[in-house]
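Reviewing the structure listed below.
The values are calculated or read from the model by the stated rules, or taken from the named source; none is laboratory data. Keep in mind that what you see is a predicted model, and the values were worked out from it rather than measured. Glycine also receives a Cβ, built like all others from the backbone with ideal geometry; neighbour counts cover every protein chain displayed. We work out accessible area using only protein heavy atoms, side chains counted, and drop any ligands, DNA or RNA first. Shrake-Rupley method; radii C 1.70, N 1.55, O 1.52, S 1.80 Å.
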Amino acid sequence: MSYAPFLTETTLNSIATCTPTASVLPTKKNLKSSAKRLPKTKKTAAKPGLSSNYPIIVHCHLCWDWVWQRPQQFISRLSQRHKILFVETVAPDPQLAAPLARFSKPNNFPNITVLRLQFPAFRWNDGAYVDRERRRLVQEFLAGPAAGEFESPVQWFYDPMAAPAFAGEMNEILTVYDCMDELSKFRCAPPDIARRETDLLAQAQVVFTGGRKLYESKRRHNENCHFYGCGVEGEHFGKARSETTQIPPEISALPKPVFGYFGVIDERLDYDLIAELADINKDGSIVMIGPVLKVDPASLPHRPNLHWLGQRSYADLPNYCRGFDVCLMPFALNESTEFINPTKALEYMATGRPIVSTPVADVVTNFGAVVGIAKKAGEFGELCLQAAQAPDDEALRRGFQMVGENSWETIVEKMENHIEQALRAAQEAEVRA
């Protein structure tokens, strides 16, 4: 779950590491707004009868159609009951002379509108201008093509950098912050992100965190804070256990054992560890699936049996996992992994494959009864080979049990209950006032 303002394909092809740091973007300087400025949030926001029908405006640092993870899993399910405006920002394009704003309806999600903003690079680092102009562009969309669809919304933040532009500016009835990572620790994080997150934590009526360590950190700033780790689509990833699931040709003939990973290829991975695993598994194969972000592709280790496949669709991941003998979580132990609670842990469990990880704190705490943990240098490769040769059937059974207890639907239902409670509290406060 990497922090970025999102890179376009053009930018990804020309820039291998960091882009200028900002997650708020400029728009047309001389465009006169046809939209009226929306009033700021009222302290007593909720209206009787509104709490179960509220629209949601989401501000996310990850694009809807990128790697399918926590934001998409939650928001897609919330869209079954709420209209969603999903506002995403992509990194600036030096070839653009004017800003672009595109909106679309994702296939199979009729209640979701994705509003994608992209801008020229020349004003990228002017934070105040960017905040102001991004807000204006979204408000114009709400007054134009989306008129009447997102009135009195709940605002749902993943990106703290978006908070000054939108928090208190959209006539929202509630502010929710779903903190999925300690984004300030990530490579290329905007310098101002920690301060903006502190302000967002103070403004939000409800805070969710994706990890236990995140919960311990954020609850000091907001008393209505709740830990909800990631869920899993057990049936989807369970396809990896079916004999009818076809293994993709690009890995079906690879020498075994096959040790596999899917996810973002970024600064959170231990590349020396991956190379070491390839070296001690010379008769087998290492398969790494996922887009490369904030890491120079030329710096990735290369071995004859180490295969960097790039991004594959979420729909096809079970097929690839069927070809794995062991699933990998080869995370580096650094600032960017201190607070992570990997979505892939439960997804791996549903595939019925053994899992080996480095000792990331939340992995040890949450999944230590299922996942093999390499606690010292040199142990990761040994555990991988052992898991391939003799899978721990009891650990696999415990994994299936965890999958059954952690569906995305169950978590979303609990999160909605917290939102309903906060809305009722706001209504009661309004009556008392």
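Observations on the model:
- Rounded to the nearest 500, the 222 nm mean residue ellipticity of the chain from helices alone is -9500 deg cm²/dmol, with -39,500 (n - 2.57) taken per DSSP H run of at least 4 residues.
- Cα gyration tensor shape for region 242-353, rounded if a/c is under 1.5, else prolate or oblate: oblate
- Over 18 Å (Cα to Cα) - which of Lys344/Lys414; Lys185/Lys294; Lys256/Lys282; Lys185/Lys218 fall in this group: Lys344/Lys414
- Part-to-part distance (alpha-carbon centres) for region 304-345 and region 100-172, which is given in Å: 32
- Farthest positive-ward along the chain dipole, Cα basis, beta-carbon charges - from Ala425, Ala194, Ser407: Ala425
- Net lengthening on full extension, Gln95/Tyr271 (0.36 nm per residue, minus Cα-Cα): 60.1 nm
- Taking Cα atoms only, the orientation of helix 393-405 departs from the longest principal axis of the chain by about 10 degrees.
- For His307, the accessible surface of its heavy atoms amounts to roughly 50 Å² (probe 1.4 Å, protein chains only, rounded to the nearest 10).
- When the chain is described by a simple charge dipole with +1 on each Lys and Arg Cβ and -1 on each Asp and Glu Cβ, the residue from Leu333, Phe122, Leu78 located farthest towards its positive end is Phe122.
- Along its principal axes, the chain has C-alpha extents of 67, 49, 40 angstrom, given from the largest down.
- Against the criterion of solvent-accessible heavy-atom surface with a 1.4 angstrom probe, Leu115, Leu96 sort, most first, into Leu96, Leu115.
- Shape of region 146-266, Cα gyration tensor, a/c cut at 1.5: prolate
- Magnitude of the charge dipole for the chain, about its Cα centre and with charges confined to Cβ atoms of Lys, Arg (+1) and Asp, Glu (-1), is about 1460 debye.
- Relative to the longest principal axis of the Cα atoms of the chain, helix 379-389 runs at roughly 70 degrees.
- One chain, two ends: Ala369 and Arg220. Fully extended at 0.36 nm per residue, the span grows by 50.7 nm beyond their Cα-Cα distance.
- Between helix 127-143 and the chain there is an angle of about 80 degrees, using the helix long axis and the longest principal axis of the Cα atoms.
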